[in-house]
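Notes for the one structure printed next.
The values are calculated or read from the model by the stated rules, or taken from the named source; none is laboratory data. Only a predicted model underlies this, so the values are computations on that prediction, with no experimental measurement involved. Methodologically, a virtual Cβ is constructed for each residue, glycine included, from the backbone with ideal geometry; neighbour enumeration extends over all protein chains shown.
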Amino acid sequence: MTDFSLEELWKIYKEEKTSRDLVELPEDFYQTVARYISHLTSEFEREDGLKRDLILEELKNITFMVQEVHLTRVSKVIQRVHRSSLPSVLLERERYAFSEIQKSLERLQADLVYSAVAGKLSSKEPIELTTVLLVMLTHVPEKIIGADMKEYGPFLRGEICNLPVENAEMMVRRRMAKKISVRMS
């Protein structure tokens, strides 16, 4: 999706909303939309009158469609994750997030359902660390949604933060952050 067009977004929106399966999106879909919204926002700030009103309506429509595409995709994938299969047309970031959700759902099912069906009492397991202390190596200007569905950030270079394990590991892999070891004496 190198060139953005409202018609292309409308086509993706309509297809995603009416199809039972996920629509195959270009890997740069969200980045392309972001560039276009940034361009429109700059234009909006320079204009006045009717042109400004039209740009505002276009911004609202684009925002609505992009959010609906995302929410529809999430809903479709969650249904598939529940059946233990991930669609092949996921974007890389979607595949990572949904595979983590799938692992969590499988653990929950094993802990609750399988134990109950087997007639076993669940014993308390050791507390698993769910967050990691990090020092940021780069500036991260936007908020992120953690694996726990909470907002984190933005982060400044050198800032210390506590993130869910999955997000922390991703940031360390991408050399955006470094784990801080805490020793108990």
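Numbers below:
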| read-out | value |
| --- | --- |
| Test result for residue 16, under 19 Å from residue 144 (Cα atoms) and surrounded by 16 or more Cβ atoms within 10 Å (Cβ to Cβ) | no |
| Residue satisfying condition, being loosely packed, with under 12 Cβ neighbours inside 10 Å, touching a residue at least 12 places away in the same chain (Cβ under 8 Å) and either assigned by TED's automatic domain parsing to the domain that holds residue 145 or within 22 Å of residue 149 (Cα to Cα) (or both), within set 92, 100, 106, 68 | 92 |
| In region 49-101, residue modelled with the highest pLDDT [restricted to those that are hydroxyl-bearing (Ser, Thr, Tyr) and over 17 Å from residue 30 (Cβ atoms)] | 75 |
| Residues that are at pLDDT below 90 and either of a type in the set (A, V, I, L, M) or more than 29 Å from residue 109 (Cα to Cα) (or both), drawn from region 120-134 | 121, 127, 129, 132, 133 |
| Filtered residue count, region 145-185, keeping only those that are small (Gly, Ala, Ser) and surrounded by 13 or more Cβ atoms within 10 Å (Cβ to Cβ) | 5 |
